[in-house]
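J.: Sending over a structure as structure tokens; questions will come in a sec.
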Amino acid sequence: MEFTISQIAAMLGGAVQGDGSEKINMLAKIQDAKKGQLAFLSNPKYEQYIYTTQASVVIVKKDFVPRKEITTNLILVDDPYSSFTALLEEYHKMINFQKTGIEQPSYIGENSTVGKNIYRGAFSYIGSNVKIGDNVKIHPQAFVGDNVVIGDNTILHAGVKIYAGTRIGSNCVIHSGTVLGSDGFGFAPQEDGTYKTIPQLGNVILEDNVTIGGNTVIDCATLFGDATIIRQGVKLDNLIQVAHNVEIGKNTVIAAQSGISGSTKIGENCVLAGQVGVAGHLVLANNTSIGAQAGISKSIKDEGEKLMGAPAFDVKDYFKSYAVFKKLPDLNERLRELEKKVLMKIES
């Protein structure tokens, strides 16, 4: 698939400097790009490559002034990184939405409906009373249980498992191995030391524009009529556990290997780095940022807090404390030397 430089510039709202008729068929890094490829320059550390790149065109900031001669064409935009990201998104859509039709063997249950331009991969299973929108792509070996609703332009990659009653919005992407709607971790201890399973009867709701990485699990809510809710624009990485009755606010991002315990409410525009653990029944305010491997054991009431450590506390205080912690062996040795001197003085 080819586009001219002028067509790409028009898509980005940018201006062409050079030959706008040249054809582009691929995106690449500025240091590796070849003829027919497009690159971008955002970080000043990479400016050296714009003078040697073989790329046919480079996206640059509109006020960019080269320090020496360049041979490539330019597209001038307000934000090169955002513009390049937009192109990647469009390219990604072209690749992922090309497939249509129904591969065999596959199964669809009674009273289920599908929209236009559907793709159902081989060995995919769709239960009864399922409603699937337009342009949805369900890849091989995906499972969609009874009474599930899936909005337009959503992709279920190979091996995704969607339990009964789950509701998924439009423009969502769910990567391989992810499970939506499995039982929450509910067990009642008995007098004889055993545990009795508490039935989990709620569901999971994903709003629009949610992306979920591979092998992430989101448990259903406990009671019928309740839901574990992932709000619009949330991005979840691989290998994340979201427990029953959790709610994650709009545009929050959570990195790999994090775990959110039951009934916790995470606000909007929060950032949780890798391996963060959040205890149950807590509330995290909007715009909270939590560093890697932090442990959250109490609610965060003030918006915009930045936390780190286990248990987590203010990131500035954490780094001050860590600076002292690193010196503890030396401080301990100095303390022992002082003790020896004091004892020697007392004895003399």
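The values are calculated or read from the model by the stated rules, or taken from the named source; none is laboratory data. Because the structure is predicted, anything quoted here is derived from the model rather than measured. Cβ: placed from backbone, ideal geometry, glycine included. Neighbour counts: every protein chain shown.
J.: I'd like to know if region 282-291 contains one or more residues that are in the same structural domain as ALA256 (by TED's automatic domain parsing), within 30 Å of GLY259 (Cα to Cα) and either of a type in the set (Ser, Thr, Tyr) or modelled with pLDDT under 90 (or both).
T.: Yes, some residue in region 282-291 is in the same structural domain as ALA256 (by TED's automatic domain parsing), within 30 Å of GLY259 (Cα to Cα) and either of a type in the set (Ser, Thr, Tyr) or modelled with pLDDT under 90 (or both).
J.: Within region 205-253, work out how many residues are within 13 Å of GLY184 (Cβ to Cβ), in a loop (DSSP other than H, G, I, E, B) and in contact with a strand residue (DSSP E or B) (Cβ under 7 Å, 6 or more places away or on another chain).
T.: 6
J.: Answer yes or no as to whether VAL144 is of a type outside the set (Lys, Arg), over 27 Å from GLY101 (Cα atoms) and surrounded by 22 or more Cβ atoms within 10 Å (Cβ to Cβ).
T.: Values: of a type outside the set (Lys, Arg): yes; over 27 Å from GLY101 (Cα atoms): no; surrounded by 22 or more Cβ atoms within 10 Å (Cβ to Cβ): yes.
It is false that VAL144 is of a type outside the set (Lys, Arg), over 27 Å from GLY101 (Cα atoms) and surrounded by 22 or more Cβ atoms within 10 Å (Cβ to Cβ).
J.: Quick one: which residue in ALA188, ALA279 is touching a strand residue (DSSP E or B) at 6+ places or on another chain (Cβ under 8 Å), surrounded by fewer than 24 Cβ atoms within 10 Å (Cβ to Cβ), farther than 23 Å from GLY304 by Cβ and without any contact (Cβ under 8 Å) to a residue 60 or more places away in the chain?
T.: The conditions single out ALA188.
J.: Could you tell me whether TYR91 is farther than 30 Å from ASN117 by Cβ and out of contact with any Cys (no Cβ under 7 Å at 6 or more places or on another chain)? Even if it seems obvious, please write down each step before you answer.
T.: Numbers: farther than 30 Å from ASN117 by Cβ: no; out of contact with any Cys (no Cβ under 7 Å at 6 or more places or on another chain): yes.
Judged against the criteria, TYR91 is not a match.
J.: Okay, next question. Confirm whether ILE230 is in contact with a Ser or Thr (Cβ under 8 Å, 6 or more places away or on another chain), closer than 21 Å to LEU156 by Cα and free of Cβ contacts under 8 Å to residues at least 40 places away in the same chain.
T.: The answer is no for ILE230.
J.: How do the pairs read when you match residues in region 207-225 that are assigned by TED's automatic domain parsing to the domain that holds TYR163 with residues anywhere that are part of a loop (DSSP other than H, G, I, E, B) and acidic (Asp, Glu), using Cβ under 6 Å and keeping only pairs 6 or more apart or on different chains?
T.: Once the first residue is assigned by TED's automatic domain parsing to the domain that holds TYR163 and sits in region 207-225, its partners that are part of a loop (DSSP other than H, G, I, E, B) and acidic (Asp, Glu) give GLY213/ASP237.
J.: Which one of LYS68, LYS35, LYS61 is outside the structural domain of HIS139 (by TED's automatic domain parsing), surrounded by fewer than 13 Cβ atoms within 10 Å (Cβ to Cβ) and at pLDDT 95 or above? So that I can check it myself, show each step before the final result.
T.: Details: LYS68 fails: at pLDDT 95 or above; LYS61 fails: surrounded by fewer than 13 Cβ atoms within 10 Å (Cβ to Cβ).
Matching residue, one of LYS68, LYS35, LYS61: LYS35.
J.: While we're here: Within region 288-330, track down each residue that is among the charged types (D, E, K, R) and in a loop (DSSP other than H, G, I, E, B).
T.: Of everything in region 288-330, those that are among the charged types (D, E, K, R) and in a loop (DSSP other than H, G, I, E, B) turn out to be LYS298, LYS301, ASP302, GLU303, GLU305, LYS326, LYS327.
J.: Got a sec? Which of ILE59, ILE30 is in contact (Cβ under 8 Å) with a residue 12 or more places away in the chain, touching a helix residue (DSSP H, G or I) at 6+ places or on another chain (Cβ under 9 Å), part of a loop (DSSP other than H, G, I, E, B) and of a type in the set (A, V, I, L, M)?
T.: Going through ILE59, ILE30 in turn, the sole match is ILE30.
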